[in-house]
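Just so you know, all these numbers are worked out from the coordinates, no wet-lab data involved. The shown structure was predicted, so the numbers you read here are calculated from the model rather than taken from an experiment. Heads up, the Cβs are rebuilt from the backbone with ideal geometry, glycines too, and the neighbour counts pull from every protein chain shown.
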Amino acid sequence: MPNLDGFGLIEEIRAGKPKDQVAIIGVSAEGGGQTVRFLKVGANDFLVKPVEVEEFTCRVHMQLDILDLVAHCRELVAKANA
């Protein structure tokens, strides 16, 4: 993957894993249109450099919480359909 940029990497990851199983946080020195582009290719969130450690940590925890909630919802649906 030597010629792969961040957008291509996200697309590769999404080709193998659904959005509700892997959280991706894009990071770039540019904001604006980059934010929308990252989100459109499959990122769950986006940060502009320089990234504050506390904000990054909070966003990672938020994405992990979302993944846990999605997994819990799947379990509840599976039980209801059993």
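Scanning for something out of contact with any strand residue (DSSP E or B) (no Cβ under 7 Å at 6 or more places or on another chain), surrounded by fewer than 12 Cβ atoms within 10 Å (Cβ to Cβ), at positive phi and without any contact (Cβ under 8 Å) to a residue 12 or more places away in the chain, does the range 34-57 turn up at least one residue? No, every residue in the range 34-57 fails to be out of contact with any strand residue (DSSP E or B) (no Cβ under 7 Å at 6 or more places or on another chain), surrounded by fewer than 12 Cβ atoms within 10 Å (Cβ to Cβ), at positive phi and without any contact (Cβ under 8 Å) to a residue 12 or more places away in the chain.
Within the range 1-51, being assigned to a loop (DSSP other than H, G, I, E, B), closer than 25 Å to LEU69 by Cβ and out of contact with any Gly (no Cβ under 7 Å at 6 or more places or on another chain) holds for LYS17, PRO18, ASP20, GLN21, VAL22, ALA23, GLY42, ASN44, VAL51.
GLN63 falls short on exactly one of the conditions (1) in contact (Cβ under 8 Å) with a residue 40 or more places away in the chain; (2) surrounded by fewer than 11 Cβ atoms within 10 Å (Cβ to Cβ), and that condition is (2). Only a single item in (1) part of a helix (DSSP H, G or I); (2) surrounded by 12 or more Cβ atoms within 10 Å (Cβ to Cβ) is not met by LEU69, and it is number (2).
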